[in-house]
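Please read the structure below before turning to the comments.
No value in this document is a laboratory result; all are computed from the given coordinates. No experiment lies behind these values; they were computed from the predicted model shown. FYI the Cβ positions are ideal-geometry reconstructions off the backbone, even for glycines, and counts take in every protein chain you see.
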6 protein chains.
Amino acid sequence: MKKIGLFPGSFDPFTKGHEIVVHKSLPLFDEVVIGVGINSTKSYLFSLDRRIKHIKALFKDIDKVRVEQFQKLTVDYCKDINASHIIRGLRDSKDFQYEKSIAHMNKSISGIETVFFLTDQEYSAINASIIREIHKNGGPIESFVTNPEILVS
Amino acid sequence: MKKIGLFPGSFDPFTKGHEIVVHKSLPLFDEVVIGVGINSTKSYLFSLDRRIKHIKALFKDIDKVRVEQFQKLTVDYCKDINASHIIRGLRDSKDFQYEKSIAHMNKSISGIETVFFLTDQEYSAINASIIREIHKNGGPIESFVTNPEILVS
Amino acid sequence: MKKIGLFPGSFDPFTKGHEIVVHKSLPLFDEVVIGVGINSTKSYLFSLDRRIKHIKALFKDIDKVRVEQFQKLTVDYCKDINASHIIRGLRDSKDFQYEKSIAHMNKSISGIETVFFLTDQEYSAINASIIREIHKNGGPIESFVTNPEILVS
Amino acid sequence: MKKIGLFPGSFDPFTKGHEIVVHKSLPLFDEVVIGVGINSTKSYLFSLDRRIKHIKALFKDIDKVRVEQFQKLTVDYCKDINASHIIRGLRDSKDFQYEKSIAHMNKSISGIETVFFLTDQEYSAINASIIREIHKNGGPIESFVTNPEILVS
Amino acid sequence: MKKIGLFPGSFDPFTKGHEIVVHKSLPLFDEVVIGVGINSTKSYLFSLDRRIKHIKALFKDIDKVRVEQFQKLTVDYCKDINASHIIRGLRDSKDFQYEKSIAHMNKSISGIETVFFLTDQEYSAINASIIREIHKNGGPIESFVTNPEILVS
Amino acid sequence: MKKIGLFPGSFDPFTKGHEIVVHKSLPLFDEVVIGVGINSTKSYLFSLDRRIKHIKALFKDIDKVRVEQFQKLTVDYCKDINASHIIRGLRDSKDFQYEKSIAHMNKSISGIETVFFLTDQEYSAINASIIREIHKNGGPIESFVTNPEILVS
C-alpha cells in the first residue's frame, strides 16, 4: 500500500521553512500531498491561486509531491486521500505546545498520527505572519520565500 | 466563614478539561462558583444560554457548585460573591505564562490569590479553540466535551 | 559617531515595564528613540496623541530620550534615524520566542542587531493587553502605568 | 476531617519564595506540614539540623504550620500524616514542566492531588542552587532568605 | 533499499512512553533498531543485561524491531547499521529544546535527520528519572513500565 | 568613563555561539572582558590553560577584547574590573529561564545589569555539553568551535 503523508497549512505564504519540511518528509513517504487549507472566515494576504501556483512551481520537478486545496477538517481530508500521517514542522517550543494539542486531538477523533520534522536552523526563525508584515510594508522577502515573484507578480 | 472559589472563563465550550478542574477544586472550598464571563466585544460560537444550561447540567448533582454569569472585572466579581480565590487549570507551559501574568495583575489590583490545578493527563491537550474548529467543520466533539448534545441541540 | 538605539512598540499603553527597559538601555546609548509604530489596520484603545503625550511626559527630564512616531518597517525607520540597534525588553519565555523570530528576521533583511534587557521582576507580569482589559472594565491601572491620568484624561 | 497539606522539598535553603508559598497555602488547609525530604545519596550545603531549625524559627508563631523530616516517597509520607494534597510553588515555565510530571506520577501511584501557588513576583527569580553558589563564594543571601543567620551561624 | 530507523537511549528503564514511540515509528520504517547506548562514565539503576532483556521481551513478537547496544557516537552507530533516521519521542517543551539541539548537531556532523513522534497523552508525564526515584523508595512502577518484573527480578 | 562589559562563563569549550556574542557586544562597549570562571568543585574536559589560550587566539586581533580568569562571584569580579554590565547570549527559551534568574539575583545583590544578545541562527543549536560528548566519542567538533586544534593539540 502506498504510504501517503499530508502536509497541511494555510501557507500565506509558503516559506523556506515549509519547503525544507517537505524535503525532509520525502524519504519516509511514497507521496506527500501539500494541502492548502481554506478557511472561509479567514482573510489571506496572498490569493489562493497565487499560493497554489507558487507551491506547484517549487516542487514541479518532484513527482512524489502533489499540491491540493481542501476545505474540511484536516483529518477528514486525510481519509479522502488515504493519508496515514499528518506532517508538521517544528521551529521552537511555542510551536510545539500548539502542535501537540492539535496532534493529540486529531489522533483522538480519527486515529491519524502526526510526524514531526525540525525546520533547519537557518530557517528556524522564519514566521509567516512576520513575512506578511514585512511584505505589507514594502520590505524584501526573498530571504524567507523561494521565488517570491511567482507569489506576488 | 464560607470558603468560596471562583472558576472564571468564557467556556466556549466548557470542556472535560474544565470539568476536571472543578472537581479537583471542590475538596478545598465550601462553594465553587463557575462564572461565565461576558465580553461584549467578543463573539462566541455557542450561545450564552446554551453554555450555562450545559454547565448546570454537568454539575446538577453537586450542591457545592453554582453556575453564574458576570460582566465585569474578574476580581470585582470575586468581591461581589465573597470569593477569596480564583481557580484556574494548567495544561502546558504556554498556558502557564499567560495565567501567571493575569494572576499577578489580579493580585496586584485586588489582593485576591489564584490557586492552580493540573488538568488530568488525558485531557491536557484539549483546547477550546480547536474544539470550535472541529465543530464548525462538522467533526465529533464528544471526546472533549461531556454531553455536547445539551450545548448544540 | 553617535550611538542611537530604537525602542519600537505600539505602547497601548506604555507600561512601567517599558519604562524600566528605556532606563536600562540609556547607559549603552548616546540617544534612545522611543518609536511609536503606527499600523493602519490595527485599532488602539488609547489615541496616538495621548500615547505620545504620555511617553513624552515620562521622559521630559532626560535629554537622551526622544519620542517619535513611525509608519514603516522598523528596520527602515532605524536607517532613517541612524539607529544601530533595536532595543527590546524580555519578560518571560513566551515573549522570548516571538522576539527571537523578529530579531533574526530584522537582522536578515537589514543587518540591524537587537539588544535585550530584562524587565525588572516587580514589573515582569505587566502585560499591555491585560491592562487594556482592566481599563475597559473600569479597574485601576496605576500599579502598571506611571501617571495614567495623562493617558486617559 | 482535618484538611492537611504537605509542602515537601529539600529546602537547601528554605527561601523567601518557599516562605510565601506556605503563607499562600494556609487559608486552604487546617494544617500545613513542611516536610524536609532526606535523600541519602544527595549532599547538602546546609545541615539538616540547621535547615529544620531555620524553618521552625520562621513559622514559630503560626500554629497551623508543622515542620518535619521524612525519608520515603512523598506520597507515602502524605499517607502517614493524612495529607490530602501536596503543595507546590511555581515560578516559571521550566519549573512547571518538571512539577507537572511529578504531580501526574504522584497522582497515578497514589491518587494524591497537587495544588499550585505562584511565587510572588519579587521572589520569582529566587533559585536555591544560585543561592548556594552565592553563599559558597561569600556573597550576601539575605535578599533571598529570611534570617539567614539561623541557617549559617 | 531497506529503510532503517534508530531509536537510541539509555532506557534506564524503558518506559511505556518509549514503547509507544517505537510502535508509532514502525509504519514509516522497514526496521527499527532500539539502541541502548552505553556511557562508561554514567551509572545506571538497572543493569545493562536487564534493560536489554526487558526491551527484547516487550517486542519479541514484532519482527521489524531489533534491540542492540552501542558505545559510540549515535550518528556513527547509525552509519554502522545503515540507519537513515534517528527516532525520538517528544513529551513537552523542555524535552523539545534539548532534542532540537542534539538533532541539529547530529545533522551538522553527519547529515542524519531526526524524526519525532509525540508520546501519547496518557504517558506524556512519564519521566525515567522520577521512575528511578520511585523504585529506589520501594514505590510501584507498573503504571509507567510494562512488565517491570523482567527488569527487577 | 570607559564602558566595560564582562562576558563570563566556563567556556568548556568556547563555541562559535560564544564567539558571535562577543562580536555582537563590541559596538556597545569600550572593552569586553571574557572571564573564564573557575569553580574548584567542577571538573572540566579542556584544561584551563588550553581554554584561555584558545580564546586569546580567537580574539588576538581585536584590541577591545581581554581574556581573564576569575574565581569569585561574577558580580564581585565585575567590581574588580569596573564592568558595568554582564553580557550573556540567548539561544532558546530554556536558556532564558535560567539566565533570567541569575540576572535578577545578580542585580539584586550588586546592582549590576545584564545585557543579552541573540546567538545567530546558524549557531543557535550549539551546546557545549553536547560538544564535549561528541569530542569524548572522537567525533568532529570544527562545525561548532573555531580552530579546535588550539584547544586539543
Top mean-square fluctuation among E:Ser143, E:Ser108, E:Ser47, Gaussian network model of chain E, C-alpha springs under 10 Å?
E:Ser108
Name the chain A residue nearest the rotation axis between A and C, going by Cβ position, and give the distance in whole Å.
A:Lys94, 4
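From the Cα gyration tensor of segment C:1-40, with a ≥ b ≥ c the square roots of its eigenvalues, which class applies: rounded if a/c is under 1.5, or else prolate if a/b is larger than b/c, or else oblate? Show your work: numbers first, answer last.
Working: a/c = 4.78, a/b = 1.44, b/c = 3.32.
Taking the square roots of the gyration eigenvalues as a ≥ b ≥ c, segment C:1-40 is oblate.
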I need the semi-axes of the equivalent ellipsoid of the protein assembly as shown: take the C-alpha gyration tensor, multiply each eigenvalue by 5, square-root it, list largest first in whole angstrom.
37, 37, 35
Degrees separating the helix F:16-25 axis from the principal Cα axis of chain F, which is the longest one:
30 degrees
From the label point of C:Lys60, set 7 Å from Cα along Cα→Cβ, how far away are the matching label points in the other copies, in nm, ordered shortest to longest?
5.3, 5.8, 6.4, 6.4, 8.4
Say we join alpha carbon atoms closer than 10 Å with springs in a Gaussian network model of chain B; which of B:Gly139, B:Gly37, B:Gly89 then has the biggest fluctuation?
B:Gly139
Kindly give Rg over Rh for segment A:57-121, based on alpha-carbon atoms, with the Kirkwood expression for the hydrodynamic radius.
1.00
List the distances, in nm to one decimal, from the label point of C:Arg132 to the label points of the same position in every other copy, shortest first, placing each label point 7 Å from Cα along the Cα-to-Cβ direction.
1.6, 1.7, 4.5, 4.7, 4.9
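In chain E, which longest range has no trypsin sites (Lys or Arg not before Pro) that are both DSSP loop (not H, G, I, E or B) and surrounded by at most 12 other Cβ atoms within 10 Å?
Numbers: sites that count: E:Lys2, E:Lys42, E:Lys60.
Result for the longest clean stretch: E:61-153.
Is there a quick way to get the dipole size of chain B? I mean about its Cα centre, with the Cβ of Lys and Arg at +1 and of Asp and Glu at -1; what is the value in debye to the nearest 20?
Here chain B has a charge dipole of around 280 debye.
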CD proxy at 222 nm, helix term only [per DSSP H run n ≥ 4: -39500 (n - 2.57); per residue of chain C; nearest 500]
-11500 deg cm²/dmol
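Give me Rg/Rg_expected for segment B:4-152, where Rg uses Cα atoms only and Rg_expected = 2.2 N^0.38 Å with N residues.
Numbers: Rg = 14.7 Å, N = 149, 2.2 N^0.38 = 14.7 Å.
For segment B:4-152, the normalised Cα radius of gyration is 1.00.
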Longer than 24 Å from Cα to Cα, which of C:Lys42/C:Lys64; C:Lys94/D:Lys100; D:Lys3/D:Lys56; B:Lys100/F:Lys79; A:Lys42/C:Lys79 are they? Say none if no pair is.
C:Lys42/C:Lys64; B:Lys100/F:Lys79; A:Lys42/C:Lys79
Taking segment D:77-153, the whole-percent share of alpha-carbon pairs separated by over 19 angstrom is 52 percent
Comparing B:Leu48, B:Leu28, B:Leu90 in a Gaussian network model of chain B (Cα, 10 Å), the one with the largest mean-square fluctuation is B:Leu28
GluC sites (Glu not before Pro) within segment E:117-153: DSSP coil, no more than 13 neighbouring Cβ in 10 Å
E:Glu142
Measuring label to label, 7 Å along Cα→Cβ, what does C:Thr41 give against each other copy in nm, shortest first?
1.9, 1.9, 5.3, 5.5, 5.6
To check you understand DSSP bridge types, tell me what percent of the beta bridges within the protein assembly as shown (both residues inside) are antiparallel, rounded to 5.
5 percent
